[in-house]
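So the structure is just underneath, and the comments pick up after that.
Each value in this text was obtained by applying a stated rule to the coordinates, not by laboratory testing. This one's a predicted model, so the numbers in the text were calculated from it and none came from an experiment. Counting neighbours? That spans all protein chains shown, and the Cβs are built from the backbone with ideal geometry, glycine included.
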Amino acid sequence: MALLDAHTLRVIDANEAACCFYGYARSEASALRIDDVSLVEVPELAARVQRALGQGGRYPSVHRLRSGELRDVDVALSPVPDSDPPLVFAIIQDVTPRVTAENALAEREARFRLLAENATDLIATHDAVGIFVYASPASERLLGFRLEDLVGEALTTFVHPEDQDLVEAAFRELSGSLEGTTVAYRIRRSDRRFTWFETTLRRVESSTQRGNACVVAVSRDISDRKRAEQALHSTEEQLQQAQKMETVGRLAGGMAHDFNNLLTAIRGNAEFLHADLGPESPLRSDIEQIEHAAERAASLTRQLLAFSRKHVRKLETLELNEVIREIGRMLRRLIGEDIEVFFQLNGVNSWVFADQRQVEQVILNLAINARDAMPSGGKLYIETQNVEPGTLGGHTPVPAGRLVLLSIIDTGFGMDDATRKRAFEPFFTTKEEHRGTGLGLVSVRGIVHQAGGMVWLESEVGHGTAVRIVLPCMESASAREPPSARQPMEAGSGTVLLVEDEEVVRTLARRVLERTGYTVVEVAGAHEALERWAQQRFDVVVTDVVMPGMGGKELVAQLRKERPSVPVVYMSGYAEDAPSALGLGPRTAFVEKPFTGTGLAECIRDVMRV
């Protein structure tokens, strides 16, 4: 405490505490003026003292001690009544520790605010149940919300419904612990879209109110990471699905190969019976039914081979309407009885140049897609018509000349714009897990483009989907020879080395060739064939392509080391692009199983003429 002269600002007296604080002897205090210790300018000091004469006053200040040290002080001034000259009583309190703590706190708060307001992550504080108290400016960049949009709102208000229980559980976990926790969830942006956040939550006790706490949340946008994880997961699933499809394809191809061997025997023996019966025999119609059934079965094996991608691609002139009629018999069984199938085949000229099996695969893929889009039943329309390029609107480029348009239309749930734009992407599918590979439409587009055509789809949610395919239309069917009447097999001559591991096929081929006039030596495998080759001379080699131990191609390579010009006929119902894979050259031919006796005999005769 000190007593001050209000006019001269001199110290009249000071107590012992003041002298100790400032570092002066009490006898020295009376020689001091206020401005000797205060850093406030003299005019301001004088003004404060004058105001204190009327009503007193309290002021923060900084005082210099005798040692030169500066201290923060709180000065309370009050007038001394009836004093002459006027005196002012001063009580000086050292508040340096408090001011230092306040400054340190303010500095920390400034650093925290600078960090929070410039961080790329969203920093927020919540009360114990998740109500927003503060959100950093990153909230506007990451979510589109400003601070005032969030304060007072619960975090779970913005969380995806499927993730709300997860976030609420994280807050409950914090209630009894100061340990932090991390939770990943989807949060709604201002544009109503959801983005993935990973948030670290930590409970912080209040320093002023015991028992109260807030939750500090640091949130990071992990959408890119989630997309990468999903892409990796999707790739793994696609790989597993592809492996499954490869296994099923191998199984289907193997079954088709074995079945083709049986069909070869059925068709060949039926052909023998047909040739041996007289024109008036009542059994001829039965034999013809057997042959027709065998041809139908051969069509089914072609579809299996198309599925397994083990078939021989064979471009030919096809009557598209006839292909549709033939496969239509199987479609009704494939898609189920709750879906009605309607055919409207109006094309006057529907001749196209394509691979029949691939055309069948296109129709099957699209029919299956349509079935899956109508889980509760519906209608499937398959239509053809002749069109001109100018009638197709904006669908370009289109093949020049006359076209045939194939439309496959369903009454299913349809597609939105986003799905329609991605429909032809590899591995994109809207089907449930394990029900689709996302390769159906990709295969369709590839096949159609190979045939010189184009494909697009039209769809609307709730109004079904129409897949449109245009193919170049042949000017006439002249390229396709009409089925000829059954011709007797021309006689041949020479010795044939017949190599076939399937007994029923080997027996049939031997009978066909012997009946035609050839001498046949039959063996069941390549190693036995090499032994017989060393023992006698053969005029032609007829060999299966796929056999245990050594295949037909490897066998022929060894035989032609000795006789490069020996004629060779390969047989197979299971080869990947067999003619190109076998490298057919001069005096080499390929006959596809199931074959007829006439077809085999003609093939041998042709290769021997070269």
| query | Say R0 is 22 Å: what FRET efficiency, to the nearest 0.05, do Thr200 and Leu232 get from their beta-carbon distance? | reply | 0.35
| request: Mind giving me the nanometre distance, one decimal, between the label points for Ser565 and Ala106, set 7 Å out from Cα along Cα→Cβ? | output: 11.0
| task | Beta carbons within 10 angstrom, averaged per residue: use that to sort the peptides 60-71, 141-152, 521-532, highest first. | result | 521-532, 141-152, 60-71
| query | What nm value, rounded to one decimal, do you get for the distance between Val133 and Ile368 when each label is placed 7 Å out toward the C-beta? | reply | 6.0
| What is the gain in length, in nm to one decimal, between Ser376 and Leu283 on full extension, counting 0.36 nm per residue of separation less the C-alpha to C-alpha distance? | 28.8 nm
| note | Cβ density ranking, 10 Å radius, fewest first, applied to His274, His463 yields His463, His274
| message | Between segment 111-129 and segment 500-522, what is the separation of their alpha carbon centroids in Å? | response | 87
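Can you work out the FRET efficiency for the pair Gln243 and Ser223, with r the C-beta to C-beta distance and R0 = 41 Å, to the nearest 0.05?
After rounding to 0.05, the efficiency reads 0.85.
Computed FRET efficiency, Cβ-Cβ of Arg515 and Arg333, R0 41 Å: what is it to the nearest 0.05?
Working: r = 39 Å, r/R0 = 0.95.
Result of the calculation: an efficiency of 0.60.
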| So how far apart, in nm, are the two label points at Ala534 and Asp84 if each is 7 Å from Cα heading toward Cβ? | 15.2
| said: Explain nothing, just compute: Karplus ³J(HN,Hα) = 6.51 cos²θ - 1.76 cosθ + 1.60, θ = phi - 60°, for every residue of segment 157-171 in order, whole Hz, x for Gly and Pro. | reply: 4, 9, 7, 4, x, 6, 10, 5, 4, 5, 5, 4, 5, 5, 5
| request: Please state the charge dipole magnitude for segment 495-609, taken about the Cα centre, from unit charges on C-beta atoms (+1 on K and R, -1 on D and E), reported in debye and rounded to the nearest 20. | output: 480
| said: Using a 10 Å cut-off around each Cβ, can you sort His126, His160 from fewest to most neighbouring Cβ atoms? | reply: His160, His126
